[in-house]
Structure formats: C-alpha cells, structure tokens
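Below is one structure, written out as structure tokens, with a few remarks after it.
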Amino acid sequence: MSKIRVSKIRSELLNEMGDVSTQQIADALRQLKVPFKPHDEMGIHYNSVIDNDAANRVMGILRDRKGGHKKAHDSQ
C-alpha cells in the first residue's frame, strides 16, 4: 500500500483552498478513525505518513468543509 506525507496533503490543499492546518487534517483522520501518532501542538506532525486511501478521504472531507474543489483563481 502506497503512503503519502501529511505535509504533501497539506501543500496540495493549501494550493487548492488556502488555509488548511495540520490540526484540521488530524481532526479529519479522527473522524475517519484512521490511526496516527498525535502531536500536541500540530495535531499530527507534518512529516507523518498515511496511506493514499486515507489521504484521499481526508482531502475529500476537508474540501467539503471548505465548500468545494475549485482553486481561487479557477472561479474568475
């Protein structure tokens, strides 16, 4: 099973939607009941890795919370 770093997930979401925190990613992982090693300040450490399936599900949750899939410059 392929894995991806949380920092890469966050970067993709930042490019797409703007402000996304590692705490929001941690909250989405908790919602999905995906185990991860928590970090006191950040929720989950940005160098943590999760499997690609969980990453796709987390990204979907965060996109839905932010109200869509479009980048800011796509809506012009």
Using the alpha-carbon atoms, what tilt in degrees (0 to 90, nearest 10) does helix 22-31 show relative to the longest principal axis of the chain?
70 degrees
Residues of the chain: accessible area per residue with a 1.4 Å probe, Å²:
66 Å²
In degrees between 0 and 90, to the nearest 10, how far off the longest principal axis of the chain does helix 52-66 point, with axes built from Cα atoms?
50 degrees
Relative to the longest principal axis of the C-alpha atoms of the chain, give the angle of the C-alpha long axis of helix 6-17, reported between 0 and 90° and rounded to the nearest 10°.
20 degrees
Could you tell me which label, among [x] 23, 18, 10; [y] 19, 14, 10; [z] 21, 13, 11, carries the value of semi-axes √(5λ) of the Cα gyration tensor in Å calculated for this structure?
[z]
Take every Cα pair under 8 Å in the chain that's 6+ residues apart, average their separations, divide by the length, and report that relative contact order as a whole percent.
42 percent
What is the extension gain from ASN56 to ARG30, computed as 0.36 nm multiplied by their sequence separation minus the C-alpha to C-alpha distance, in nm to one decimal?
7.9 nm
Accessible-area composition of the chain, carbon plus sulfur, in percent [1.4 Å probe]
46 percent
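The values are calculated or read from the model by the stated rules, or taken from the named source; none is laboratory data. Quantities reported herein were computed from a predicted structural model and do not represent experimental measurements. These accessible areas exclude ligands, DNA and RNA; they are computed on the full protein's heavy atoms, side chains included. Shrake-Rupley method; radii C 1.70, N 1.55, O 1.52, S 1.80 Å.
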